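For reference, the structure is listed below as structure tokens.
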Amino acid sequence: MSFFAQFQDRARDEEQMDHPDCDPTQLFRTLDQFHGINRCFSRARGLLRRTFLADMQPGRRYHLVDLGAGACDLPVWLLAAARKRKLDLRITAVDADPRIIDYARKRYGHIGGLHIREGNALELETFAPFDYLFANHFLHHLPDEEISILLAEAHRLCQRGFVISDLRRSPWSYLGFSLFARVYRRSFSRADGLISIRKGFQPRDFHDIPTPLTLRTPLPGRIQILGGCFHPKC
Ligand SMILES: C[S@@+](CC[C@H](N)C(=O)[O-])C[C@H]1O[C@@H](n2cnc3c(N)ncnc32)[C@H](O)[C@@H]1O
């Protein structure tokens, strides 16, 4: 298969970090590096500001669920940003990997309003009721058939709206990241990042999904999937 042809469809390869026997030191170093990766590439903070923070009003309590929350850098930032705006927010950060849950609890278990829970994103009802759902770099971990189920559940259970930010499958992102990510050593960031780009999405991947969604590709290499109160206004 030519280099470009491998981006036609989503890859199915397993990421090293998802392997239960992967090296824990490299796994935790990878989680630490997500912070910088999120700042440089995903621009998640701007997205969180324009969606959830813009939608919330003081004087009401909100509950947000973050799926595949990893080391919890983004929910911790969002809680601090909400507090500054005098918004009453509590976040349930969900991850399926018990090693990652332990790591996140050690770092951020003391943060008020943050509940770090081990669980499967596909059992979304377990975390209800909630106003908002967020996921960054999580959706590409799921196979296609689970993605349709998750989006239907998000639409059914979210009392306000959901925002899912992930990687756009593109040969150019792949080439760019393969050069840039040489700085990430002794971790899974480079190898898993490249697999993740091949497991990422094109807008056409969502065309047969019946859930009402807004798809946006505002930044190179990114795709945003918005639903509920964020469809179609953002
Ligand atoms: C690439 S990390 C993203 C972490 C974080 N959202 C961030 O942006 O830094 C993806 C996370 O999704 C978790 N994950 C994978 N499948 C899951 C599932 N079915 N339910 C919950 N979490 C899952 C993995 O354990 C991993 O921590």
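The values are calculated or read from the model by the stated rules, or taken from the named source; none is laboratory data. From a predicted model like this one, the values you see are computed outputs, not experimental measurements. As a convention, Cβ positions derive from the backbone with ideal geometry for all residues, glycine included, and neighbour counts pool all protein chains shown. Quick note on the areas: whole protein, heavy atoms, side chains included, nothing else; ligands and nucleic acids left out. Shrake-Rupley method; radii C 1.70, N 1.55, O 1.52, S 1.80 Å.
With every protein chain kept in place and ligands, DNA and RNA left out, what is the accessible area per residue of the chain? Probe 1.4 Å, answer in Å².
For the chain, the solvent-accessible area averages 48 Å² per residue.
T214: accessible area at probe 1.4 Å, nearest 10 Å²?
Surface accessible to solvent at T214 totals approximately 20 Å².
Using the Cα atoms of the range 149-234 to build a convex hull, what is its mean projected area in square nanometres?
6.4
What value does the chain have for Rg/Rh, both radii from Cα atoms and Rh as Kirkwood defines it?
Expressed as Rg/Rh, it is 0.94.
So what does D208 come to for accessible area, using a 1.4 Å probe and Å² rounded to 10?
That residue has around 150 Å² of solvent-accessible surface.
Which order do Y62, Y174 take when ranked by solvent-accessible area (1.4 Å probe, heavy atoms of all protein chains), largest first?
Y174, Y62
Pop out the carbon and sulfur fraction of the accessible area of the range 118-197 as a percent, whole number, probe 1.4 Å.
Carbon and sulfur together cover 54 percent of it.
Given H placed 1.01 Å from N in the peptide plane, which residues other than close sequence neighbours of G200 have an amide H under 5 Å from its amide H?
A11
Report ³J(HN,Hα) in whole Hz for each residue of the range 147-158, in order, from the Karplus equation J = 6.51 cos²θ - 1.76 cosθ + 1.60 where θ = phi - 60°; Gly and Pro get x.
Those phi angles translate into 5, 4, 5, 4, 5, 5, 5, 4, 5, 6, 9, 6 Hz.
How many angstrom lie between the C-alpha centres of the range 170-210 and the range 97-162?
Spelled out, the Cα-based centre of one part sits 21 Å from the other.
Hey, what's the Cα Rg ratio for the range 1-91 versus the globular rule of thumb, 2.2 N^0.38 Å?
Compactness ratio reported: 1.43.
Which loop-located trypsin sites (Lys or Arg not before Pro) does the range 156-234 contain, where loop means any DSSP state but H, G, I, E or B and the Cβ has at most 13 other Cβ atoms within 10 Å?
When the trypsin sites (Lys or Arg not before Pro) of the range 156-234 are filtered for loop state and at most 13 Cβ neighbours within 10 Å, R185, R186, K233 remain.
When DSSP assigns beta bridges and you keep just the ones with both residues in the chain, what percent turn out antiparallel, to the nearest 5?
30
Counting only GluC sites (Glu not before Pro) that sit in a DSSP loop (anything but H, G, I, E, B) with at most 15 other Cβ atoms within 10 Å, what is the longest stretch of the chain containing none of them?
Result, exposed sites excluded: 124-234.
Tell me the relative contact order for the range 152-234 as a rounded percent, counting alpha carbon contacts under 8 Å between residues six or more apart.
Numbers: 112 pairs, mean separation 36.1, N = 83.
Relative contact order, the range 152-234: 44 percent.
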